[in-house]
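Only one structure is covered here, and it is reproduced in the block below.
A short reminder: the numbers here are calculations on the coordinates, not readings from a lab. All figures in this text were calculated on a predicted structure; none of them were measured in a lab. Quick reminder, even Gly has a Cβ in these numbers, built from the backbone with ideal geometry, and neighbours come from all protein chains shown.
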Amino acid sequence: MPLSPERTVAELHELQELTGDENGAQRVAWTDTWQQAREWLRGKLAATGAEETIDAAGNQWFTLAGDSERALLIGGHIDSVPSGGWLDGALNVMAGVEVLRRIAEEGTPPVTVRLVNWADEEGARFGRSLFGSSAAAGSMSDQDELRQRKDADGVSLPDAIAPFGVDLDTALEARGELENAAAYLELHIEQGPVLESMDLPLGVVLGTFGVERHQVTFRGQAAHAGSTPMDQRRDALAGAARLELELKEIAARTGGGAVCTMGSVVTRPGIVTSVVETAECLLDQRHLDEIQLAEMLDNAKAASRRFAQEEDLEVEWERIWNIEPILFDVGLIELADETIYELAGSSHRLPSGPLHDAAEVARAGVPTVMVFVQSLRGLSHTKLEDTKEEHLELAVRALDRLAQKTIETL
Ligand SMILES: [Zn+2]
């Protein structure tokens, strides 16, 4: 049976029928609907002879044993956000199914080929993304905090994962799964507007952005809005507003895809008759290059101090969270680029703003690459998420050809 990308599209529709509703996909991890999707996936792979195993973190593996124990891994996640799109995560899994079918049909592969359906990529229920892949990568270290997490109904994370055979005490045993991994491939919808704006179906992902998240607080003095002359004010919002506009310039000067977002500004006292005394800003900065990310952060800090001085304010920075950029494998990037050129006539290399399971696998030292397929209107995490059928089919062909080329290099 040759590769059938049309079947992948039909199966994605079938999965959406089975586990979605009029609001979108409902495959939230650690729920009955998610389990239903996992069982459906098992059925889809039964004919390939791939052996199914569930690891200590709840990841679902399908293994086609090859002549060598070295393994090519193909990954995705069948879980979704509530009322999510039909393609985020599921496309990768179902394209991987098709690749496994093609390989199984041709007989024993020279290396072992494994498809992994990562558990709880989205973190939709407990706010902890990349659960399964971080356990397999050995980077999960927040078990104590996770024990305290509860969902919106008050169910604790340990209670929710127990029925799936997962225990935070032993989840890191999933590390063994990456022991023989020689390469990891992940196909994903772009979830952004870049490829569509360039009129390209496919692109190669260079890595995932490093992120610096800070709370920036400007402090001035509350004063009466009527009696305080303009030149005698210490208006904290003036500092925040000037910083917000300057961020756009800082990102432009930095270049290389730099993005800066002031996602929230809370002002106090927050009434119409008072000058703003404190403005608490939440700032998110991202870049693929560690040095440029650090420079961008320094520039924002310097600008905030300048504005604070000019507006007679105090400013304070507090780091909320950060992660370093994670770069994908140079050789696999070349191979993916070549594959896309062959199939689409042109290719493009781009960073990923969102984190993906692939970032965890790469962090664990497994040579990794991702391929993005165009997202219509750049939308994701909504039922409006979509990709042209011809592009979905091309993406399946690209993953298959890349898998074949990778096997030949292992
Ligand atoms: Zn995803």
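In what order do Ile78, Ile320, Ile189 fall by count of nearby beta-carbon atoms within 10 Å, going from fewest to most?
Values: Ile78 24, Ile320 11, Ile189 28.
Ranked by crowding around the Cβ, least crowded first: Ile320, Ile78, Ile189.
Taking every C-alpha pair closer than 8 Å and separated by at least 6 residues, the mean separation divided by the residue count of the chain gives a relative contact order of 22 percent. The angle between the Cα long axis of helix 389-409 and the longest principal axis of the Cα atoms of the chain comes to about 70 degrees, rounded to the nearest 10.
Model label sites at Ala46 and Ile271, defined 7 Å from Cα along the beta-carbon direction, differ in position by 6.9 nm. Seen against the Cα atoms of the chain and their longest principal axis, helix 32-45 is set at about 40 degrees. With neighbour counts taken as other beta-carbon atoms within 10 Å, the residues Met94, Met296, Met230 rank, fewest first, as Met230, Met296, Met94.
Between the amide H of Gly207 and those of Phe328, Ser352, distances stay under 5 Å, these residues lying 5 or more places away or on another chain, with hydrogens modeled in the peptide plane. Counting neighbouring beta carbons within 10 Å and listing from fewest to most, the residues Thr409, Thr273, Thr228 come out as Thr273, Thr409, Thr228. Check the straight Cα-Cα distances from Lys248 and name the lysines below 18 Å, setting aside those fewer than 8 residues away within the same chain. Within the straight-line cut-off, Lys248 pairs with Lys301.
Using Stokes-Einstein with the Kirkwood hydrodynamic radius over Cα pairs, what translational diffusion coefficient do you get for the chain at 10 °C and a viscosity of 1.306 mPa s, in µm²/s rounded to a whole number? Mind dumping the intermediate values first?
Values: Rh = 22.8 Å.
Estimated via Stokes-Einstein, D reaches 70 µm²/s.
Looking at the chain, the DSSP beta bridges with both ends there are about 70 percent antiparallel. Applied to the range 203-215, the Karplus parametrisation 6.51 cos²θ - 1.76 cosθ + 1.60 on θ = phi - 60° returns per-residue 3J(HN,Hα) values of x, 9, 9, 7, x, 10, 4, x, 10, 10, 10, 9, 9 Hz, with x for Gly and Pro.
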